[in-house]
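To keep things clear, I will list the structure first and then write my remarks on it.
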Amino acid sequence: MSDALKMTMPHRILVLNGAAAGEGATGLIAALNHGTVVAQRELAGRGAAEHFAPLTRELLRDTGWSAGPELIVAVTGPGSFTGLRASLALATGLALGFHCRLRGVTVGAALRSLPNAQQAVSIMIARRNRCFVEDAHGGAWACSPEELALPHDTAVMGDGVASLTDVQRANLQVLPYRFPTAQAIVEASAHTTDLAVLEPVYIDAPEAKLPAAGLRSAPK
């Protein structure tokens with residue numbers, strides 16, 4: 001993060017990323033002071049989002065801040081349905097409680113804030129042996145790794161790159177970024193606006209469905 005950007009950003013920033021999916025997913029909670037990470041928690045594996053709230057409380061105790069965050073930035077997806085619901089609801093609630101600013105960025109936008117990644121395509125692991133793909137223009141879709149066809153020498157990044165075949169990777173420029181860092185998430189947020197509520201970027205439709213016989217009547 002450049003010194004010029006640090007000067008324009010709020011001093012105390014809280015970052016939440018619950019988008020990652022799959023067994024190797026890593027959730028991230030971080031606190032930054034003047035652009036520098038002062039406290040951070042990483043949560044590996046499925047169900048990480050269930051622990052976001054208590055770990056955020058613990059992390060905020062470790063910051064040494066005399067006041068709450070001035071800005072909360074959360075990753076809006078694409079990614080894990082449960083992880084996004086939990087982390088974005090927490091981010092929105094904390095922003096209301098602390099009366100602070102709130103911003104959201106996509107996984108791809110955050111990764112593109114890393115060096116030499118401005119035009120790169122992000123490929124993140126999704127469920128059912130698929131991946132979420134986000135291009136440099138913000139377009140996002142899901143496909144199986146073997147179905148992914150990109151122009152020769154396209155720059156790619158993300159934890160889903162490892163699921164591509166050797167032949168696919170040989171035709172691409174692979175960048176060494178698996179997940180966005182806290183600083184990359186904050187840097188990406190400099191190009192967004194403040195929001196009252198964060199909307200998740202879903203690729204797949206929710207699998208929860210209403211019962212075929214309809215909902216039960218309200219208790220009397």
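The values are calculated or read from the model by the stated rules, or taken from the named source; none is laboratory data. All figures in this text were calculated on a predicted structure; none of them were measured in a lab. Counting neighbours? That spans all protein chains shown, and the Cβs are built from the backbone with ideal geometry, glycine included. Side chains are part of the model used for accessible areas, which takes the heavy atoms of the whole protein and leaves out ligands, DNA and RNA. Shrake-Rupley method; radii C 1.70, N 1.55, O 1.52, S 1.80 Å.
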message = If I ask for residues that are outside any helix (DSSP H, G or I) and either among the hydrophobic types (A, V, I, L, M, F, W, C) or at positive phi (or both), which ones from segment 56-78 would you list?
response = 64, 65, 67, 71, 72, 73, 74, 75, 77
key: Selection from segment 25-48 of residues that are farther than 24 Å from residue 127 by Cβ and hydrophobic (A, V, I, L, M, F, W, C)   = 30, 31, 32, 37, 38, 39
message = Filter segment 54-81 down to the residues that are surrounded by fewer than 17 Cβ atoms within 10 Å (Cβ to Cβ) and in contact with a helix residue (DSSP H, G or I) (Cβ under 6 Å, 6 or more places away or on another chain) and list them by number.
response = 68
task = Considering only segment 21-53, state which residues are modelled with pLDDT of 90 or more, open to solvent by less than 30 Å² (accessible area, probe 1.4 Å) and not in a strand (DSSP E or B).
result = 35, 52
Subset of segment 156-171 (residues that are surrounded by fewer than 17 Cβ atoms within 10 Å (Cβ to Cβ) and either in contact (Cβ under 8 Å) with a residue 24 or more places away in the chain or not in a helix (DSSP H, G or I) (or both)) = 165, 171
task = Output the number of the condition that residue 89 fails; it satisfies all remaining conditions of (1) in contact (Cβ under 8 Å) with a residue 24 or more places away in the chain; (2) open to solvent by 30 Å² or more (accessible area, probe 1.4 Å).
result = (1)
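Look through segment 172-187, keep the residues that are farther than 13 Å from residue 121 by Cβ and without any contact (Cβ under 8 Å) to a residue 40 or more places away in the chain, and return whichever of them is nearest to the chain's Cα centre (by Cα).
The extreme case among them is 178.
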request  = Please indicate, with yes or no, whether at least one residue in segment 173-187 is more than 24 Å from residue 83 (Cβ to Cβ), out of contact with any Phe, Trp or Tyr (no Cβ under 8 Å at 6 or more places or on another chain) and surrounded by fewer than 20 Cβ atoms within 10 Å (Cβ to Cβ).
outcome  = yes
